[in-house]
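Take a look at the structure set out below.
The values are calculated or read from the model by the stated rules, or taken from the named source; none is laboratory data. Everything numeric in this text was worked out from a predicted model, so none of it was measured. Please note: Cβ atoms are built from the backbone with ideal geometry, for glycine as well, and neighbour counts cover all protein chains shown.
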């Protein structure tokens, strides 16, 4: 079982470049999430999609956009990368928008120079 | 927004020792969750707590949902090298209109000395 798959696992960008982080889950989950993890800051929610066709801002949405392409896929786009966006990004999914276990991908390490 | 205070930030312990970490908040939560993150991996759920006062075990791990609903602790007994990692607490609340909010603590980094 693949669970939650993120690509790429590593990426280096120059300031101002754009890129998209891809996420796919094969668990038939309805809700999907993007978090960033920074040293000493824990996990902070960027955007989420409670169900297919909906997306909402989380705690730190500035500089990001998302697309819920279908039930399986939820992408995160950086239109103009900044050094402050250097971080490890985690995609996660949950069966429904409510209580229940959140399953995480392995993470995507992004460095913006 | 809601904040969780997780402590300690880091721990160095000898193999075989017991470990205790906790999360506190000024906010009330409906659910407490404990996750572990191995180096280079995503967090994995260890224990979920759904009722105030609930005490739940998972092997050598024991966690409790505080009676005030504002805190939770995680204990690990007889630590082993594979316990190394970052442990996160997370509290979930119902925000109304079908919306749930999950807040993570900043993590406790555990190092085990063989």
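If a residue has to be in a strand (DSSP E or B) and out of contact with any helix residue (DSSP H, G or I) (no Cβ under 9 Å at 6 or more places or on another chain) to count, how many in region A:87-110 make the cut?
Let us first name the residues in region A:87-110 that are in a strand (DSSP E or B), namely A:87-94, A:103-104, A:108-110.
Then drop every residue that is not out of contact with any helix residue (DSSP H, G or I) (no Cβ under 9 Å at 6 or more places or on another chain), which leaves A:87-94, A:103-104, A:108-109.
Count: 12.
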Looking only at region A:9-58, and only at residues there that are at the interface with another protein chain (Cβ under 9 Å from one of its Cβ atoms) and over 15 Å from residue A:104 (Cα atoms), the one that is farthest from the chain's Cα centre (by Cα):
A:40
Restricting to region B:74-105, name every residue that is closer than 15 Å to residue B:38 by Cα and either at the interface with chain A (Cβ under 8 Å from one of its Cβ atoms) or part of a strand (DSSP E or B) (or both).
B:85, B:86, B:87, B:88, B:89
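Scanning region B:45-57 for residues that are exposed (fewer than 14 other Cβ atoms within 10 Å of the Cβ) and within 13 Å of another protein chain (Cβ to nearest Cβ), which turns out farthest from the chain's Cα centre (by Cα)? So that I can check it myself, show each step before the final result.
Going residue by residue through region B:45-57, those that are exposed (fewer than 14 other Cβ atoms within 10 Å of the Cβ) are B:50-51, B:53, B:55, B:57.
Of the ones still in play, those that are also within 13 Å of another protein chain (Cβ to nearest Cβ) are B:50-51.
Details: B:50: 13, B:51: 15 Å.
Here the residue is B:51.
Yes/no matrix, rows are residues, columns are (1) over 27 Å from residue A:10 (Cβ atoms); (2) buried (at least 18 other Cβ atoms within 10 Å of the Cβ):
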{"position": "B:2", "(1), (2)": "yes, no"}
{"position": "B:6", "(1), (2)": "yes, yes"}
{"position": "B:34", "(1), (2)": "yes, yes"}
{"position": "B:82", "(1), (2)": "no, no"}
Report, ordered by the first and then the second residue, all pairs with beta carbons closer than 7 Å, sequence separation of six or more or different chains, a first member in region B:65-92 that is at positive phi, and a second member that is crowded, with 18+ Cβ neighbours inside 10 Å.
B:69/B:29; B:85/B:36; B:85/B:37; B:85/B:110
Is it true that residue B:5 is closer than 14 Å to residue B:104 by Cα and more than 13 Å from chain A (Cβ to nearest Cβ)?
no
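Does region A:34-57 contain any residue that is at positive phi and buried (at least 17 other Cβ atoms within 10 Å of the Cβ)?
Applying the first criterion (at positive phi) to region A:34-57 yields A:40, A:42, A:53.
Okay, now just the ones that are also buried (at least 17 other Cβ atoms within 10 Å of the Cβ), so A:42.
Yes - at least one qualifying residue is present in region A:34-57.
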Those residues of region A:61-86 which are surrounded by 21 or more Cβ atoms within 10 Å (Cβ to Cβ) and either within 14 Å of another protein chain (Cβ to nearest Cβ) or in a loop (DSSP other than H, G, I, E, B) (or both) amount to A:81
Yes/no for residue B:40 being at positive phi, outside any strand (DSSP E or B) and within 13 Å of another protein chain (Cβ to nearest Cβ)
yes
Give me the pairs: first residue in region B:96-111 and over 17 Å from residue A:48 (Cα atoms), second residue modelled with pLDDT under 85, beta-carbon distance under 8 Å, and six or more apart or on different chains, which are they?
B:106/A:40; B:106/A:41
Taking only pairs six or more apart or across chains, which ones have beta-carbon atoms under 7 Å, a first residue in region A:92-105 that is within 17 Å of residue B:91 (Cα to Cα), and a second residue that is modelled with pLDDT under 70?
A:97/B:98
